[in-house]
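K.L.:
One structure is given below, represented as structure tokens, and several questions about it will come after.
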Amino acid sequence: MAKREKPPEFIDIAYYWHDQGLITLDDESLLHPMVDYGEPSCQGCGCWHTSTDFDEFKSGDDKHNKDLANHRWNYSGFEKSHIIAHGNGGSDTDPSNFLILCRSCHYDFDKEVYIDDKDELDDVYYWLRDRSQIVNKRRRRFIDKFEKDKNIKKCSNKFFIAQGLVNNSLSKDLYTHDHYLFEQEMEDVESHLKDAKVKFGSNILERQLKWHLEKSFAVMNILLDGDEFKFLDEQEFWFGIDRDKLIALLSLRKLLKDGDEVIKLIKNLRRQIKETNGLLLQLRGDLIWASIDEVVDQLIEVKKKITEDEEFLKKIYKTLKHSIPEVIEYFSERRKEEQTKLKNMENFITKHGEDSSQGQEYLKSFEKSKRYCESIETFLQESNEHLLPVGVDK
């Protein structure tokens, strides 16, 4: 069997479809087969991910822009799907014989669309045109059922936040869930996924959704279950919650986790030293001089490991010590912004009166902004006590 030729680069496929512009179908509807060749998204359902939005394009630098776009596509996780299958004589190298699809769209396309001639491309175009709507309906049905079965309505804010932490789409000020969960907690998440019988990477849409939803559900119940997160259930949907308080609590949790990792390293060092002392005691008791070289070699190896770990500890300690002022500086800036906003609102209310329609609206915003400012103020006042890990001088 002859070896297949290497398929075209993602960027060449993206360029080809971008150059086609708007395609008019037989029923006069329009299809844009490539929305933006520099911003990777599935040509079928349109899904995309914030993680591909890295680096900047440079005006006039075509080579840099093409390389960056191709790097983004390669990083996206999307797949190259033959339009006319290789077995039906379809080209393995011509960009016009490929679509860029997510895994589930690729799977469904191969099942639902079968052509062996470019004259039948309309079947492909109609599939692309309708795919987004079909996927959204399937996704909505599945999510609605999941949320009903899990009674998500009572904790919709927490579940929304957990989903954002799992797929890194919530806020530039927050990390993914694994930055906040301790090692045992991460194992608990994996245990939940195992019990739910879901695996990552399925090519079937519903199975992909189930994995993501079950993981978000586990993260919510572990990470956001404490009393300190109850305010999330008591406030309006995501856009109305006290985000500064959420970021503060999660920042604190990350620092505590980082501190916990340092403590584990220290315990490991102590264990190694204890084992070394045990070897020395054994040597003195048995007086087996032939073992001296072996013991010395072990001591040298342990000393080398301790030196390496000490260097790592210093690095982590330095990171911890510098991260604390960064957290405090962030919220100090936020406090200044909120105080400026409060002053402007107060002036507006004074000028127009509280009883006017505009004054009433500003009064509501004023009270909400005031609560934001108070929560930041409380956080800053307590930061020295709560943010500094054990062993770090205040």
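K.L.:
Post the alpha-carbon centroid distance, the range 22-43 to the range 186-250, in whole angstrom.
P.N.:
After rounding, the separation between the Cα centres reads 34 Å.
K.L.:
Dividing the alpha-carbon radius of gyration of the range 166-247 by 2.2 N^0.38 Å (N being the number of residues), what value is obtained?
P.N.:
1.19
K.L.:
Measure up 137/172; 257/336; 80/215; 158/215; 172/257 against 22 Å on the Cα-Cα distance and list the ones that go over.
P.N.:
Correct reply: 137/172; 257/336; 80/215.
K.L.:
Arrange the following residues from fewest to most other Cβ atoms within 10 Å of their Cβ: 216, 171, 81.
P.N.:
171, 81, 216
Read the figures in this text as sums done on the coordinates, not as results from a lab. The model shown is predicted, which means the values in this text are computed figures rather than measured ones. Glycine also receives a Cβ, built like all others from the backbone with ideal geometry; neighbour counts cover every protein chain displayed.
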